[in-house]
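Down below is the structure, laid out as C-alpha cells.
The values are calculated or read from the model by the stated rules, or taken from the named source; none is laboratory data. All figures in this text were calculated on a predicted structure; none of them were measured in a lab. Note: ideal-geometry Cβ built from the backbone for every residue, glycine included; neighbour counts use all protein chains shown.
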Amino acid sequence: MKQDIVVIGAGIIGLATAERLLARGANVTILERNKAGQESSWAGGGILSPLFPWEYSDHVTQLANYSAKQFPAWISVLQQASGIDPEYEISGMLILPPNDSETAMRWCSVRGIEIEQSTVPSILSIGKEGGADSAQIRDRSLFLPNIAQVRNPRLLRALISRVMQLGGRIIENCTACRLNTDRQKIQSITSSCGEFVADYYIVSAGAWSTEILGTQALQLDIKPIKGQMLLFKFNTPPIRNIVVQNELYIIPRRDGHVLIGSTLEDVGFDKRTTISAFNQLLTQARDILPSLQKMSIKRHWSGLRPASPSNVPTIGWHPIIRNLLLNSGHYRYGVTMAPASAEILVNEMTGASQPFDISPYQAGWEIN
C-alpha cells in the first residue's frame, strides 16, 4: 500500500489500525484530540475476554476470542520493538456466585472453551458467612483458566513506540472539526491544527466517533458510557486470578497493584469522578476481598467507553462515502478486540479474505 491515510483517534483501535497499515507500506497520520492512548483505552482493566461471555451474542465473542488468540504474537513484536513489556499474562478468571453455572458450562462445552467449577479461595468472601448453605455456596464459583490480561497503559506506550518506529505521524491536541465531502468522497479534513488531505480516512475516535462523522454517521449509534475505577497497591499480589462478581471485577497486576472496576454510567461526555461511585466500588470490593480494608486507595479515575448496541462494533467502509472507513463502537472490549479489528479493516481496504463473516460488524450503518 502506498496510499496516504488519515486515522482520527489515537486510542488502542486507531493505533492498532495504524500499525497494521504502516507495516503494509502506507503513509499514516493520526490525529488525536487529546494525548495519544489516554482515553478509554488507558482507563480500562485490560481483561482479554468479556466478563460473562455466555451472556453476549456470538458476534461479540467470535471477534473477542479470535482477537485474544493474536495477543501472544502481537505482544512479542511490540515488546521486542519498543523495549516495553505490556505484561501479557494468563491469569485465569474466577467468577464468584451468584452465577448461572449450567448455562456457562453448556456454552463453553459447545465451543470447546475450558471451564471448571471451583471452590472460592479462603482469602475471598462470598458475603454472609456461617449460614447453613455457606459451605455449598463456596463450591459454586466458575473458573476460566485461559483468560489473559494485559496492562493497557504499558501496551499503549509500546504500540505508540511501534507506530512511530514504522514512520507513523501522531499529532496530539488536534481535533477533527469537519469532514469536507464532495461527490461521495472526503476531499479534506478541517481540524484545529490545519487542513489534512489523504486518499483514505479512518474514524476510530471511540465515544467521539459519531460527533466527528456528523451527518455522515447515518444510523450509527455510538455514545459514551462512563466507567469509574479504583487502584490499590499491595507489596505482593493478594490474589492470582482475575475475580468477577456480578458487574464488579478485581484485577491483580504482577507488581501488587490491584484494579477495581467498573461502573456503567450513561451521563454523556462527563468524565468527572463521583463520591457515589467511589463508595459503591469500594464497598463491593471490600466485601469480596476483605484485605482491602487495610489498604489506602492510590487512584480513582474514569473513562468514556464507546457504547454500541449489543456491544457489536462497526468496522469497514462507509456505505456512501467511498474513501471513508470506521473502526469504532467496541464498548468495553476495545483492547481485547484491537488486533482483530485492525486486521478486518485492513483486509477490507486491500480486498483480502476475511477470517469469518464480517457483515455483523457493518450493520451499524443501516440506512432505513
The strands (runs of 3 or more DSSP E) lying wholly within the range 257-326 that contain at least 1 residues that are closer than 28 Å to F234 by Cβ are 257-261, 297-307
Look at I123 and say whether it is part of a loop (DSSP other than H, G, I, E, B), surrounded by fewer than 22 Cβ atoms within 10 Å (Cβ to Cβ) and over 26 Å from the mean Cα position of the chain (by Cα).
-> yes
Among the helices (runs of 4 or more DSSP H) confined wholly to the range 1-104, which include 3 or more residues that are touching a Leu at 6+ places or on another chain (Cβ under 7 Å)?
-> 12-23, 40-43
Check on L345, of a type in the set (A, V, I, L, M, F, W, C) and either modelled with pLDDT under 95 or assigned to a strand (DSSP E or B) (or both) | no
Could you list, in sequence order, the residues of the range 52-67 that are surrounded by fewer than 20 Cβ atoms within 10 Å (Cβ to Cβ) and of a type in the set (A, V, I, L, M, F, W, C)?
-> F52, W54
Odd one out for N323 among (1) touching a helix residue (DSSP H, G or I) at 6+ places or on another chain (Cβ under 7 Å); (2) at negative phi = (1)
Residues of the range 151-188 being under 27 Å from the mean Cα position of the chain (by Cα) and over 30 Å from V77 (Cβ atoms), in sequence order, are T175, C177, R178, L179
Determine, yes or no, whether L326 is assigned by TED's automatic domain parsing to the domain that holds I47, under 17 Å from the mean Cα position of the chain (by Cα), at pLDDT 95 or above and more than 25 Å from D270 (Cα to Cα).
-> no
Just a yes or no: is a residue in the range 11-29 farther than 28 Å from G167 by Cβ and within 13 Å of the chain's Cα centre (by Cα)?
-> no
Name the pairs: first residue in the range 249-263 and at positive phi, second residue β-branched (V, I, T) and surrounded by fewer than 20 Cβ atoms within 10 Å (Cβ to Cβ), Cβ to Cβ under 7 Å, at least 6 apart or on different chains?
-> G256/T236
Can we say Q228 is part of a strand (DSSP E or B) and in contact (Cβ under 8 Å) with a residue 24 or more places away in the chain?
-> yes
For N146, the lone unmet condition from (1) closer than 25 Å to I5 by Cα; (2) assigned to a loop (DSSP other than H, G, I, E, B) is (1)
The correct count of residues that are within 17 Å of I123 (Cβ to Cβ) and surrounded by fewer than 16 Cβ atoms within 10 Å (Cβ to Cβ) in the range 251-283 is 1
In the range 90-113, anything crowded, with 17+ Cβ neighbours inside 10 Å and within 30 Å of A23 (Cα to Cα) is listed as none
Would you mind telling me which numbered condition in (1) crowded, with 22+ Cβ neighbours inside 10 Å; (2) assigned to a strand (DSSP E or B) A207 fails?
-> (2)
